[in-house]
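K.L.:
Dropping the structure in here first, questions after.
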Amino acid sequence: MFPGPLGVSLCGEALARGTWSLEPRDIREFGRGRHRAVDDTPAGGGPGMVIRADVLSEAIDAASPPDDPRPRLLMSPRGEPLTQGLVRELAGGPGAIVVCGRFEGVDERVIEGRGLREVSIGDYVLSGGEIAAMVLLDAVVRLLPGVMGAASSGEEESFENGLLEYPHYTRPRDWEGRAIPDVLLSGDHGRIARWRREQARALTKARRPDLLPEG
């Protein structure tokens, strides 16, 4: 599944240049028995299967020695939300070990024993953590130095200043009876900046009021 979409566009070009690297690991290499089983039935009963602590811990240990400074993340719907703040934290760090869950979940003991930090990309459930990991990696890689064409490209995006991003326009000046707002064509950079701040705040209030400070 990897690099998948991470192998194209900005992330893919940066991967080819060696700006960042990716080393997928298959936990089935550490599976048990003839069929290299990685999961078993839940203790206490219930539906689904759970990834075994011994199998996953061996896979993590093979990829990450005890003195490895990289954080160990587990993509999980019950994890802390993936925010732009966390993305910037990871982009400024030494890299990360990202564990992609499958089936019903992961044995809690390996989460505790290997210090896995659970991260969620939203309030929904996927078939596995691979797509969630790609979302996280794409968000992080694009912030690495040299990946985006200009360092300022990411400074006015949604969530960077606590607000959603303001609307954008380009040619043609008129399209299907809809014109570019006059202020954007005025050449007055102060007015344009104020308009953009007002638009960003209005959009945030309408769509994500939880991002605005109380009061």
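The values are calculated or read from the model by the stated rules, or taken from the named source; none is laboratory data. If you're wondering where the values come from, they're calculated on a predicted model, not measured in any experiment. Don't worry about glycine lacking a Cβ; one is built from the backbone with ideal geometry, like all the others, and counts go over all protein chains shown. Quick note on the areas: whole protein, heavy atoms, side chains included, nothing else; ligands and nucleic acids left out. Shrake-Rupley method; radii C 1.70, N 1.55, O 1.52, S 1.80 Å.
Okay, residues lined up against (1) open to solvent by less than 20 Å² (accessible area, probe 1.4 Å); (2) aromatic (F, W, Y); (3) within 13 Å of the chain's Cα centre (by Cα):
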| position | (1), (2), (3) |
| --- | --- |
| S64 | yes, no, no |
| P69 | no, no, no |
| L82 | no, no, yes |
| G85 | no, no, yes |
| R88 | no, no, yes |
| G92 | no, no, no |
| F103 | no, yes, no |
| V106 | no, no, no |
| R109 | no, no, no |
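K.L.:
Next question, about the same structure. Spot the failing condition for E155; the list is (1) of a type in the set (D, E, K, R); (2) within 30 Å of E198 (Cα to Cα); (3) modelled with pLDDT under 95; (4) surrounded by 14 or more Cβ atoms within 10 Å (Cβ to Cβ), and only one is missed.
P.N.:
Answer for E155: the failing condition is (4).
K.L.:
Related question: Yes or no: G215 over 14 Å from S158 (Cα atoms), open to solvent by 50 Å² or more (accessible area, probe 1.4 Å) and at pLDDT below 95? Write out each step before concluding.
P.N.:
Numbers: over 14 Å from S158 (Cα atoms): yes; open to solvent by 50 Å² or more (accessible area, probe 1.4 Å): yes; at pLDDT below 95: yes.
So G215 fits the description; yes.
K.L.:
Out of region 123-138, which residues are touching a residue at least 40 places away in the same chain (Cβ under 8 Å), in a loop (DSSP other than H, G, I, E, B) and surrounded by fewer than 18 Cβ atoms within 10 Å (Cβ to Cβ)?
P.N.:
D123, Y124, V125, L126
K.L.:
OK, next. Within region 118-150, how many residues are over 13 Å from P77 (Cβ atoms) and touching a helix residue (DSSP H, G or I) at 6+ places or on another chain (Cβ under 9 Å)?
P.N.:
16
K.L.:
Could we say that L185 is farther than 30 Å from I27 by Cα and more than 18 Å from the chain's Cα centre (by Cα) here? Give the steps one after another, and end with the answer.
P.N.:
On the way: farther than 30 Å from I27 by Cα: yes; more than 18 Å from the chain's Cα centre (by Cα): yes.
It is true that L185 is farther than 30 Å from I27 by Cα and more than 18 Å from the chain's Cα centre (by Cα).
K.L.:
Could you give me the residue pairs with C-beta distances under 6 Å whose first residue belongs to region 9-21 and is under 13 Å from V140 (Cα atoms) and of a type in the set (G, A, S), whose second residue is outside any helix (DSSP H, G or I) and modelled with pLDDT of 95 or more wherever it lies, and which are 6+ apart or on separate chains?
P.N.:
That search, which allows pairs on different chains as well, returns A14/W20; A14/V147.
K.L.:
Return yes when R171 is open to solvent by 100 Å² or more (accessible area, probe 1.4 Å), at pLDDT 95 or above and under 30 Å from A14 (Cβ atoms) and no when it is not.
P.N.:
On the way: open to solvent by 100 Å² or more (accessible area, probe 1.4 Å): yes; at pLDDT 95 or above: yes; under 30 Å from A14 (Cβ atoms): yes.
Criteria met by R171.
K.L.:
Do we find that D54 is free of Cβ contacts under 8 Å to residues at least 60 places away in the same chain and surrounded by fewer than 16 Cβ atoms within 10 Å (Cβ to Cβ) in this structure? Before the answer, list the steps.
P.N.:
Numbers: free of Cβ contacts under 8 Å to residues at least 60 places away in the same chain: yes; surrounded by fewer than 16 Cβ atoms within 10 Å (Cβ to Cβ): yes.
Yes.
K.L.:
Condition first: acidic (D, E), more than 30 Å from L56 (Cα to Cα) and more than 19 Å from the chain's Cα centre (by Cα). Can you find one or more residues in region 171-180 that meet it? Steps first, answer last, please.
P.N.:
Kept after step one, since they are acidic (D, E), are these residues of region 171-180: 174, 176.
Remaining after also requiring more than 30 Å from L56 (Cα to Cα): 174, 176.
Imposing the further condition that a residue be more than 19 Å from the chain's Cα centre (by Cα) reduces the set to 174, 176.
Yes - at least one qualifying residue is present in region 171-180.
K.L.:
Got a sec? Which of A62, A53 is more than 24 Å from G122 (Cβ to Cβ), touching an Asp or Glu at 6+ places or on another chain (Cβ under 7 Å) and small (G, A, S)?
P.N.:
One residue alone meets the criteria, A53.
K.L.:
For region 175-215, name all the residues that are out of contact with any Gly (no Cβ under 9 Å at 6 or more places or on another chain), not polar (S, T, N, Q) and not in a helix (DSSP H, G or I). Show your work before the answer.
P.N.:
Going through region 175-215, the residues out of contact with any Gly (no Cβ under 9 Å at 6 or more places or on another chain) turn out to be 175-203, 205-210, 214-215.
Restricting the remaining residues to those that are not polar (S, T, N, Q) gives 175-185, 187-198, 200-203, 205-210, 214-215.
Answer for region 175-215, where residues must be out of contact with any Gly (no Cβ under 9 Å at 6 or more places or on another chain), not polar (S, T, N, Q) and not in a helix (DSSP H, G or I): W175, E176, G177, R178, A179, I180, P181, G187, D188, R208, E214, G215.
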